[in-house]
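Below: one structure, written as structure tokens.
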Ligand code: PMP
């Protein structure tokens, strides 16, 4: 693994070397059947086995209760920004939904929901996306169809370290960028979704976990491909799914904390050096990193700066290499 470029990208992101090697090995001949998984019918018994194995592994990893459906869908996280209101805003007649807007992705989700019902942003307007607004400032609508939040805002880096208490209203979460990085009590949620391209696989598949009793209130204008009841009823095979293979959450949480601690400690001890942006220095930083084989450290184009994504596949050694480089860079340019 140490000969490969160190990829700190936000997604599509690094995949574990054993996963890439297995995929490479199976690309000409999957399991002795003479074709690859990319070429096989999604209705074949071989693909059915892959899909069933992916679902049961996920159920095991997250201890998903039996009254939840697991779906592997297309359309990415963005598809779910529309699918969530189309399927759930009709849960109550008022068609109202509560949104927590803590960054780019929840903001986009709220805008999409406005097309299908009334959206209430539950907290006072934020000047910048730097932290989760204190729950004491939230005004939740008890008759909302659901409360929506993004568990980890990938552009702004705001992550929830608690599950919002919605006083019984259905809770929906976009977990795209921290999915499977730590254990989650699924029973607290009505719906969880996550694009696979960060922690669990490649772009093209989005995992949706939904409580069964929430199905069936889909708005009639919902495109059939986004209709959870149809997709769940067809085991994600209403239409052709992305046919490829996807690769204990407690261990991932420990590793995640260790890795992010290495970088955050350094930032916090840098006397503001790694907080106050300077475009020329940033360019120097990125050029130097690239020479050391570290890529995809540039911040999202909408906010600039530097962004380090430490998904599950990024190793402690790679994180240490980055921390060492940051220490050197600080000494040289402070
Ligand atoms: N939600 C989050 C938290 C994301 O990070 C992203 C993409 N980076 C999306 C949604 C959108 O996903 P997609 O590009 O798959 O539509």
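Where a number appears in this text, it was derived from the coordinates with a stated rule and is not lab data. Everything numeric in this text was worked out from a predicted model, so none of it was measured. Methodologically, a virtual Cβ is constructed for each residue, glycine included, from the backbone with ideal geometry; neighbour enumeration extends over all protein chains shown.
When only Cα pairs below 8 angstrom with a gap of at least 6 residues are kept, region 77-157 shows a relative contact order of 41 percent. Residues within the reach of a label modelled at residue 235 (point 7 angstrom out along Cα to beta-carbon, backbone nitrogen below 15 Å), restricted to region 28-46, are 41-46. Mean residue ellipticity, 222 nm, helices only, the chain: the sum of -39500 (n - 2.57) across DSSP H runs of n ≥ 4, divided by residue count and rounded to 500, is -10500 deg cm²/dmol.
Just the number, please: percent antiparallel of the DSSP beta bridges in the chain, rounded to the nearest 5.
Given both bridge residues lie in the chain, the antiparallel proportion sits at roughly 45 percent.
When you count the other C-beta atoms within 10 angstrom of each residue and take the mean per peptide, 226-238, 209-221 line up highest first as 226-238, 209-221.
Please say if the chain is rounded, prolate or oblate, where rounded means a/c under 1.5 for a ≥ b ≥ c the square roots of the C-alpha gyration tensor eigenvalues, and otherwise the choice is prolate for a/b larger than b/c and oblate otherwise? Verdict is oblate for the chain.
Using r as the Cβ-Cβ distance of residue 275 and residue 43, and R0 as 56 Å, what FRET efficiency do you calculate, to the nearest 0.05? Write out the running numbers ahead of the final one.
Details: r = 53 Å, r/R0 = 0.95.
My answer for the efficiency is 0.55.
Over region 1-136, what is the mean sequence separation of C-alpha contacts under 8 Å (at least six apart), divided by residue count, expressed as relative contact order in percent? Working shown, then result.
Values: 82 pairs, mean separation 17.9, N = 136.
Relative contact order comes out at 13 percent.
If you rank 318, 55, 279 by fewest surrounding Cβ atoms within 10 Å, what's the result? By the 10 Å Cβ count, ascending, the order reads 279, 55, 318. Would you mind classifying region 1-79 by shape? Square roots of the alpha carbon gyration tensor eigenvalues, ordered a ≥ b ≥ c; an a/c under 1.5 is rounded, otherwise it is prolate if a/b is larger than b/c and oblate if not. In terms of gyration-tensor shape, oblate.
Only counting other Cβ atoms within 10 Å, I'd like 165, 287 sorted with the fewest neighbours first. Don't skip to the end; give the middle numbers.
Working: 165 13, 287 9.
By the 10 Å Cβ count, ascending: 287, 165.
Take 110-119, 300-309 and order them by the average number of nearby Cβ atoms within 10 Å per residue, most first; the result is 110-119, 300-309. Here the relative contact order of region 1-56, from alpha carbon pairs under 8 Å that lie six or more residues apart, stands at 14 percent.
Quick check: residue separation of residue 332 and residue 253 times 0.36 nm, minus the Cα distance between them. What number comes out in nm?
On the way: separation 79, 0.36 × 79 = 28.44 nm, distance 3.33 nm.
Answer, rounded to one decimal: 25.1 nm.
With a ≥ b ≥ c taken as the square roots of the eigenvalues of the C-alpha gyration tensor of region 82-191, please select rounded if a/c is under 1.5 and otherwise prolate if a/b is larger than b/c or oblate if it is not? The shape class here is rounded. The order of 295, 263, going from fewest to most other C-beta atoms within 10 Å of their C-beta, is 295, 263.
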